[in-house]
1. Does Ile318 satisfy the criteria of being in contact with a Gly (Cβ under 6 Å, 6 or more places away or on another chain) and either at pLDDT 95 or above or in a helix (DSSP H, G or I) (or both)?
2. Can you find, within the range 240-264, the residue that is least open to solvent (accessible area, probe 1.4 Å) among those that are in a strand (DSSP E or B) and in contact with a helix residue (DSSP H, G or I) (Cβ under 6 Å, 6 or more places away or on another chain)?
3. Under the condition of being in contact (Cβ under 8 Å) with a residue 40 or more places away in the chain and surrounded by fewer than 17 Cβ atoms within 10 Å (Cβ to Cβ), which residue from the range 265-274 is nearest to Ala524 (Cα to Cα)?
4. Against the condition surrounded by fewer than 18 Cβ atoms within 10 Å (Cβ to Cβ), closer than 16 Å to Leu486 by Cβ and free of Cβ contacts under 8 Å to residues at least 24 places away in the same chain, how does Met429 come out, does it pass?
5. Quick check: is even one residue across the range 435-454 farther than 18 Å from Asp507 by Cα and among the charged types (D, E, K, R)?
6. Of the residues Arg321, Arg353, Arg314, Arg341, which single one is in contact (Cβ under 8 Å) with a residue 40 or more places away in the chain and open to solvent by 30 Å² or more (accessible area, probe 1.4 Å)?
7. What's the total number of residues in the range 153-163 that are open to solvent by 70 Å² or more (accessible area, probe 1.4 Å) and not in a loop (DSSP other than H, G, I, E, B)?
8. Looking at (1) touching a residue at least 40 places away in the same chain (Cβ under 8 Å); (2) surrounded by fewer than 17 Cβ atoms within 10 Å (Cβ to Cβ), find the lone condition where Arg399 falls short.
Amino acid sequence: MNQNKNRFMPLLMALCVIIGIAIGTFYTNHFSGNRLNIINSGSNRLNNLLHIIDDQYVDTVNIDSLVEKAIPQILAELDPHSVYINAKDVQIANDDLRGSFSGVGIEFNIRKDTLHIQNVIKGGPAERAGIMAGDKIVTIDDKPFVGKVATNEEAMHRLKGPKDTKVKIGILRYGEQKVKNFVVTRGDITTKSVSATYMLNDTTGYIRIKNFGERTYAEMLAALLDLSTEGCENLIIDLRDNNGGYLQAATQMVNEFLPKNRLIVYTQGRKSPRTDYRSDGRGGFQQIPLVVLINEGSASAAEIFAGAIQDNDRGTVIGRRSFGKGLVQQQIGFSDGSMIRLTIARYYTPSGRCIQKPYTMGDEAGYEQDMLSRYEHGEFFSQDSIKHTGPAYHTSIGRTVYGGGGITPDIFIPEDTMNVTSYYKEAVMRGLILQFAFNYTDANRLRLKKFEDMPHLASYLKQQNLVEQFANFADKNGLKRRNLMLNKSHSLFERFIDSRIIYNILDEQAWNEFLNRDDPTIKAALEVFSKHEAFPQKPKPAKPKNKKAA
């Protein structure tokens, strides 16, 4: 037995030497100097890179900050809608869709490095404390809030906070020199998705929806109930400039208008099996004539709603081609409170079309230029200029619709540019009209507050020659007066100025009512109802061509 051991000993020693050389060679090749290369996979290389930087970089590096900057860049290489939201901004990002937040209850804007309170929410904490529209916030918790620090983001961070906590706000009131301090106890503030509900005439109701949040379905039901009690026989749902929100809210809302077992939308992705969303037949408004308004600002859930109505031939879609966002995001949170919204699927309308407009991975700039390209191509002014990049599909009764770039309306309404001048465009772009409207509101707030409804306030403003006052204001603020252009754009200036003052004094509903009075899209919708054409008709078969004898 000992002889056998001795006989195999040289072989075992040789084997050990070989193994030792192999291990040494491996570590020499993979761990010597700066040649760290354990596994050539992306995730390990990223981890190893961060480890090397932390261990060997010439200066001290904040790795967390480095990762914070790197994540958005990585997500930007995927698609335009996968995004990273840092922990500080998560609450702000979700507040609009949740339909409520805890804060002081004001609407504000930042002008000339100062926070101006535009509106105070009725019954909210700020109003109870004595703060008024027109006040300027100059300190928060005894710290100055003017100059570079006065940003929208910083204002929300300082003014929002847990319910029942207090914040001290220093106010400079119009016509007064001394700062007044108010202690406001934060409370729950409800934000509405339905910004206007009223009767356009004796038979037609109107609902404007700003986004699709947690409370939107309930708000819509309440609005429909109100309109029903006022004799609503026809309905307009305005989704213009609605950038979307929750898929569930959109499907619940569409369900109110469809008969049982109609496909509303379906989603599908590489790791997400197809999921169908169908109507259950319990909707209370399945027969009401319906028109849906959209434009280039209508996206995501708004397109789901419009696409479901169009593909099921349930109503007429009027306006301009929608944005074209057909990607579904899932929120995934990290332990530090930050999160990502990662695209996990695409959504498809009942006819089978994905309305996501084309994009190139990593080309975020090109994607954002799409609206400018549409404008330059003439799409906002002519239906014939619309480029359909996707294949043709068909609705339930055989009407042709297109995928690959938004919802194309059944009735196209061009953007009105007849009276637009370069003088008007510059006034808008520089924010001078908004500034003038706010200054005028501040200087005349007590007088304007006497008007409690839109028609009387609008009538008063029309007599004040505000366009002339604006021209003088603009001239003093660097926009040289152009009388010919001013005259040509007079109606546009008057409409814009009056609408903003109405918004400042009354509310968003009054603002909508004022703008809708001469809106060509609203007029087109009313004409559809007057002709009883809200329900689309099956297309007539094409007539066969006459054959000629040879």
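1. No; evaluated as a whole, the condition is false for this residue.
2. Residues of the range 240-264 that are in a strand (DSSP E or B), as a first pass: 245, 263-264.
Adding the requirement that they be in contact with a helix residue (DSSP H, G or I) (Cβ under 6 Å, 6 or more places away or on another chain) leaves 245, 264.
Details: Gly245: 31, Ile264: 3 Å².
Checked the range 240-264; the qualifying residue least open to solvent (accessible area, probe 1.4 Å) is Ile264.
3. Gln268
4. On the way: surrounded by fewer than 18 Cβ atoms within 10 Å (Cβ to Cβ): yes; closer than 16 Å to Leu486 by Cβ: no; free of Cβ contacts under 8 Å to residues at least 24 places away in the same chain: yes.
In short, no.
5. No, that holds for no residue.
6. Working: Arg321 fails: open to solvent by 30 Å² or more (accessible area, probe 1.4 Å); Arg353 fails: open to solvent by 30 Å² or more (accessible area, probe 1.4 Å); Arg314 fails: open to solvent by 30 Å² or more (accessible area, probe 1.4 Å).
Only one candidate passes the filter, namely Arg341.
7. 1
8. (2)
The values are calculated or read from the model by the stated rules, or taken from the named source; none is laboratory data. Please read these numbers as outputs of a predicted model, since none were measured by experiment. Cβ sites come from the backbone with ideal geometry, for glycine too, and all protein chains shown count toward neighbours. In case anyone asks, the SASA skips ligands and DNA or RNA and just uses the protein heavy atoms, side chains included. Shrake-Rupley method; radii C 1.70, N 1.55, O 1.52, S 1.80 Å.
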